[in-house]
2 protein chains.
Amino acid sequence: MLKILKLGGSIITDKSRLATARLDQISRIAHEIAGSEDLVVVHGAGSFGHIHARQFGLPESFSVEGLLRTHLSVSDLNRTVVEALHDAGVDALPVHPLSSVVLRDGRIHLMSTEVIREMLRRSVVPVLHGDVAMDVSRGAGIVSGDQLVSYLARTLGAGMVAMGTDVDGVMIDGRVLSCVTPESIHSIESHLLPAKGIDVTGGMRGKLRELVELAEIGIDSRIFNAGVAGNVRRALSGEILGTLITGREHGDGPQEA
Amino acid sequence: MLKILKLGGSIITDKSRLATARLDQISRIAHEIAGSEDLVVVHGAGSFGHIHARQFGLPESFSVEGLLRTHLSVSDLNRTVVEALHDAGVDALPVHPLSSVVLRDGRIHLMSTEVIREMLRRSVVPVLHGDVAMDVSRGAGIVSGDQLVSYLARTLGAGMVAMGTDVDGVMIDGRVLSCVTPESIHSIESHLLPAKGIDVTGGMRGKLRELVELAEIGIDSRIFNAGVAGNVRRALSGEILGTLITGREHGDGPQEA
């Protein structure tokens, strides 16, 4: 069963400081991942991407310098994550969205997943990340880790999607929701707090939209707190944590549009 | 007209020393490239790839550590080239083969070129490099810059292929051949000297095989000395330099197999 693990930028970086990785968190999480099979890891860009992107006016404006600076910065973070996984005994290899994704109006339009499939066949963990990418309609844009998770879960047919964030799940009035469904999403959205620090990819609201779309086609996901030691391991072994995003609560499968 | 420029590893690195870039050569060449349009740059790995690859037994053996070390090293070189191009005023972005190519028996089996096409449409120079890649038959292998040039020239329909090396062209008995054809290649091969330093991708012989295949489908190429100041600019502006590899000398177009 294919598992997709998202590591939020807020967990693996200090979002208040430019390009600052949380090496202790990354190393701890890498060790919690060790031993998992059939796994794709997608991490956010955190302070390696958002500050550069904001500085160069992305995603609204098209500047090759902005694309390059943002990409090289998130590539540095990706290298740190891949090296930590390697040090923890995980056979991981990087896959860069700028090299493999084309957007249309900010959404993934084309993405060759053959490299990822071949890595999985060879028991390698592909490690993707939020990145900049070319866009056929806008020149270029940002492809968030959340959007990559959603696309890969759909395209590769994931059996588990675990979204590690810095909160215990979807919070409303200080309470963690146990479940979000396509039906309940609209009443929840207006209660969500904005993301802490700079986030050019939509924060919890953007994340929920991606995951509700997945739920609508029958792929459930969990938003959990990856900042709590042991939680990544628990999530990967299927323990119930955080908020479940599902379309199945009502027992009627995917909803018609 | 699409131009593809190869920068040999022997020009942009010191092949006798691990991971040593020739920054002066890279900067000079970047300035010679400035102003060219509709261009793809592919560079070799030189001492950033071959020594790692040899150390880990690539391409014969499959070790994720070997793939990672080789890839990260050639990615460093790629960043140096892209940064130099940027400093020279060229809007360049990296494209990593490990993220976008799948091999079969050491040859490119699948490669999504949509990212490259979109960069070209937006006047961005994609910068690829010799790299490791997953291989459906062997687990993983090496994709040489020469093979990338050949594949991209064919797939994108290049109007010019310029192969910058550290020699004046195809040399036999100290003389530069003005022309190599599919008919003359067999008599030439046995006279070629082996590459200087470590080269896991076939040296001049491997290069000529790629280019003769191109010539057979009507795409001519030139092997020239990129170590001579001004030659990259001359080659990109269409001047006659070095050795022409062509299938058209006999006026009968592509040969039947």
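The values are calculated or read from the model by the stated rules, or taken from the named source; none is laboratory data. A quick note: this is a predicted structure, and the numbers were derived from the prediction, not measured. Cβ placement follows ideal geometry from the backbone for every residue including glycine, while neighbour counts extend to all protein chains displayed. Quick note on the areas: whole protein, heavy atoms, side chains included, nothing else; ligands and nucleic acids left out. Shrake-Rupley method; radii C 1.70, N 1.55, O 1.52, S 1.80 Å.
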I want to confirm something. Restricting to segment A:52-82 and keeping residues that are within 12 Å of another protein chain (Cβ to nearest Cβ) and either assigned to a loop (DSSP other than H, G, I, E, B) or open to solvent by 50 Å² or more (accessible area, probe 1.4 Å) (or both), which single residue is nearest to A:MET119 (Cα to Cα)?
A:ARG79
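In segment A:105-134, how many are touching a residue at least 40 places away in the same chain (Cβ under 8 Å) and part of a strand (DSSP E or B)? So that I can check it myself, show each step before the final result.
Narrowing segment A:105-134 to residues touching a residue at least 40 places away in the same chain (Cβ under 8 Å): A:106-108, A:111, A:113, A:116, A:120, A:123, A:125-132.
After this cut, where a residue has to be part of a strand (DSSP E or B) as well, the list is A:107-108, A:111, A:125-129, A:131-132.
Going through segment A:105-134 one residue at a time, the tally reaches 10.
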Of all residues in segment A:102-123 being buried (at least 21 other Cβ atoms within 10 Å of the Cβ) and at the interface with chain B (Cβ under 7 Å from one of its Cβ atoms), the one that is farthest from B:VAL132 (Cα to Cα):
A:VAL102
B:ALA226 versus (1) closer than 21 Å to B:MET1 by Cβ; (2) modelled with pLDDT under 95; (3) open to solvent by less than 10 Å² (accessible area, probe 1.4 Å): which is the lone unmet condition?
(2)
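Within segment B:28-51, take every residue that is of a type in the set (A, V, I, L, M, F, W, C), open to solvent by 10 Å² or more (accessible area, probe 1.4 Å) and not in a helix (DSSP H, G or I) and give me the one that is modelled with the lowest pLDDT. Even if it seems obvious, please write down each step before you answer.
So the first thing to find is which residues in segment B:28-51 are of a type in the set (A, V, I, L, M, F, W, C), and the list is B:29-30, B:33-34, B:39-42, B:45, B:48, B:51.
Those still in the list that are open to solvent by 10 Å² or more (accessible area, probe 1.4 Å) too: B:34, B:45, B:48, B:51.
Imposing the further condition that a residue be not in a helix (DSSP H, G or I) reduces the set to B:34, B:45.
Numbers: B:ALA34: 98, B:ALA45: 93.
The qualifying residue modelled with the lowest pLDDT is B:ALA45.
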Among the residues of segment A:143-161, is there at least one that is in a strand (DSSP E or B), touching a residue at least 40 places away in the same chain (Cβ under 8 Å), touching a helix residue (DSSP H, G or I) at 6+ places or on another chain (Cβ under 6 Å) and closer than 26 Å to A:ILE240 by Cβ?
yes
What's the number of the only condition in (1) polar (S, T, N, Q); (2) surrounded by 18 or more Cβ atoms within 10 Å (Cβ to Cβ); (3) under 21 Å from B:VAL95 (Cβ atoms) that A:SER150 fails to meet?
(3)
Please work out which one of (1) within 14 Å of chain A (Cβ to nearest Cβ); (2) assigned to a helix (DSSP H, G or I); (3) not charged (D, E, K, R) is the condition B:GLN25 fails and give its number.
(1)
